[in-house]
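We did not get these values from a lab; they are worked out from the coordinates using the rules stated. All of these numbers come straight from a predicted model, not from anything done at the bench. Quick reminder, even Gly has a Cβ in these numbers, built from the backbone with ideal geometry, and neighbours come from all protein chains shown.
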Amino acid sequence: MRSSILRTSGPQGRPHGRGRAARAAATLVAGAMALTLTACGGDDDGKDDEGSGGGTKAAPSVELPKLDGQKLEVAAVWTGPEQENFTKVLDEFEKRTGAEVSFVPTGNNTSTFLGTKIQGGKPPSVAFLPQVGVLHQFAQKGWVKPLGPEAQAQLDKNFSAGWKDLGAYEGKQYGVYAKAANKSLVWYNTAAFEAAGITAEPKTWDEFVQTAQTLSDAGTPAVSIGGQDGWTLTDWFENVYLSQAGPEKYDQLAEHKIKWTDPSVKEALTTLAQLWGKDDLIAGGKAGALRTEFPKSVTNTFSGDTPAAMVYEGDFVAANINADTKAKIGTDAKVFPFPAVGDASPVVSGGDVAVALKDDKGSQALLTFLASTDAAEIWAAQGGFISPNKEVDQEKYKDDVTRDIAKALLAAGDDFRFDMSDRAPAAFGGTQGTGEWKALQDFLKDPSDVEGVQQQLETSAAKAYKG
């Protein structure tokens, strides 16, 4: 749910540059592979809190109305460092408009939380939806409001057609993808690699599993997995599946045009079991992973007496490294692309789309601000964030690693594939304790039962897509 795979078709099957997909994938993978070569990490002391780079502050890129005394509520899944970083954006909006904005965390069951609020007549002004499928469901029910002209103007100026399409439904623009993610990255503790004598980053799945074994043999917990949060496990599956089965199969499975009992799913799960089935390669073993939330999986890798060596997740891992550990990105913490299972490394991306749940001036003003370069550059300066806004000054990013990830995302243009579970109905791809999240947690617990989990996935998917 957090964080895009290069794609040949949009969430509703619309073509998006099928002939250019391979070239764009190569561009993104090459950009990601260059991260550890160019990274110097750390904060730029010349930058102020808003990432202005010091000196004379640039004029605002967008005009906002005065909203003195108006109270707005924003809901999103973020907590901890991600929430704190976003709060800096809201602070600037308050300063410019005079509005009072409060933040409400939704918990992992975003659609359920918001649905209850809406049906109870007390929706937040603006919400960030982590799934395309939820946007479509909410639009069908008339729960989200179309963008006003000011927000649309910022969107048209700053975003490519592919990102605009993701925020639209049946010809109407509802959302702004203010936050994106590259979800095909493995972060590693350089000290652990050095202690085990590892000098090269693994490029293939086989090399990755062998690297994990070498680390384990050297006495280091190899891979930290945040299995208590089911969405992290869907991301593992999606990367393996895209690289192994290819983009066409990926699209078919994402749209449930092939079943989860398909042989390609069996192959991907069997591949995952090469890692998940070995307790000695997982920090705390399978049982420990299932008790570990995503933030803890990061701190387990870069802090403590016996840190793990690697943690898989998107660019937003940087926010937790910056806030919760003493590790310095680019020196203590480096990153490499998710290893190639098939011919090439996968590139999966995701994002959070901001939508208005109230039809008022304040909600539209906030969407206008979120679509602007001003908001994106403030957010970028905090770290652990990348934007699909193509007009953002790349020097505003907090460190070179994140800057290179953002550049690689933009270089893909509209040729990207979006997180598969986020394209699915929320009941299957985005709800704690059910659907794909639960099935993959069960699979992590017992990776030997490949056919059983396939049937569990298909039963849940069939019900959710039919509904």
Fraction of beta bridges assigned by DSSP in the chain that are antiparallel (%, nearest 5) | 65
Calculated log₁₀ intensity ratio I(q)/I(0) where the Debye formula runs over C-alpha points of the range 302-436, q = 0.10, 0.12, 0.16 Å⁻¹ = -0.44, -0.63, -1.07
Per residue, how big is the convex hull around the C-alpha atoms of the range 189-320? Give it to me in cubic angstrom, could you?
-> 111
The relative contact order of the range 309-467, taking Cα pairs under 8 Å that sit 6 or more residues apart, comes to a percentage of 17
Eligible lysines near Lys278 by straight Cα distance, threshold 17 Å, same-chain separation 8 or greater | Lys286, Lys445
Sort Val77, Val348 so the one with the fewest other Cβ atoms within 10 Å of its own Cβ comes first.
-> Val77, Val348
Sorting Leu90, Ala151, Leu166 by the position of each Cα along the dipole of the range 77-207 (Lys, Arg +1; Asp, Glu -1; all at Cβ), the one nearest the positive end of that ordering is Ala151
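Add -39500 (n - 2.57) for each DSSP H run of 4 or more in the chain, then divide by its residues: what number comes out at 222 nm, to the nearest 500 deg cm²/dmol?
On the way: 22 runs with 216 residues, N = 467.
Rounded to the nearest 500, the figure is -13500 deg cm²/dmol.
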Over the alpha-carbon set of the range 70-114, work out the extent along each principal axis and list the three values in angstrom, largest first.
-> 32, 23, 9
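Could you order the peptides 323-333, 112-122, 292-302 from most to least packed, using the average number of other C-beta atoms within 10 Å per residue?
Highest to lowest by the protection proxy: 292-302, 323-333, 112-122.
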Sort out for me the Cα centre separation of the range 412-450 from the range 187-247, rounded to whole Å.
-> 19
How large are Rg and Dmax for the range 375-467 when only the alpha carbon atoms are used, in Å?
-> 18.5, 49
Report ³J(HN,Hα) in whole Hz for each residue of the range 205-217, in order, from the Karplus equation J = 6.51 cos²θ - 1.76 cosθ + 1.60 where θ = phi - 60°; Gly and Pro get x.
-> 4, 4, 5, 5, 5, 5, 4, 4, 5, 4, 5, 4, 4
Cα-based Rg of the range 149-264 per 2.2 N^0.38 Å, rounded to two decimals?
-> 1.48
Asp324 paired with Asp449, simple spin-label distance in nm, labels 7 Å along Cα-to-beta-carbon | 2.9
Can you work out the base-10 log of I(q)/I(0) for the range 92-185 at q = 0.11, 0.12 1/Å, using the Debye formula on its C-alpha atoms alone?
-> -0.37, -0.44
Binned at 5 Å from 0, what are the whole-percent values of the Cα-Cα distance distribution for the range 300-341, short to long?
-> 5, 20, 35, 25, 9, 4, 1
At R0 = 51 Å, FRET efficiency that the Cβ-Cβ distance of Lys463 and Asp393 yields, to 0.05 = 0.65
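Going highest first, how would you order 227-235, 205-213, 63-71 by mean Cβ packing within 10 Å?
Per-residue mean Cβ counts within 10 Å order the peptides as 227-235, 205-213, 63-71.
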Determine the gain in length on full extension of the stretch Ala161-Ala200; use 0.36 nm per residue of separation and subtract their C-alpha separation, reporting nm with one decimal.
-> 10.2 nm
Under 13 Å from the 7 Å Cα→Cβ point of Ile258, by amide nitrogen: which residues of the range 218-241?
-> 241
From the C-alpha gyration tensor of the chain, pull out the three semi-axes of the equivalent ellipsoid (sqrt of 5λ each), sorted largest to smallest, in whole Å.
-> 33, 26, 20
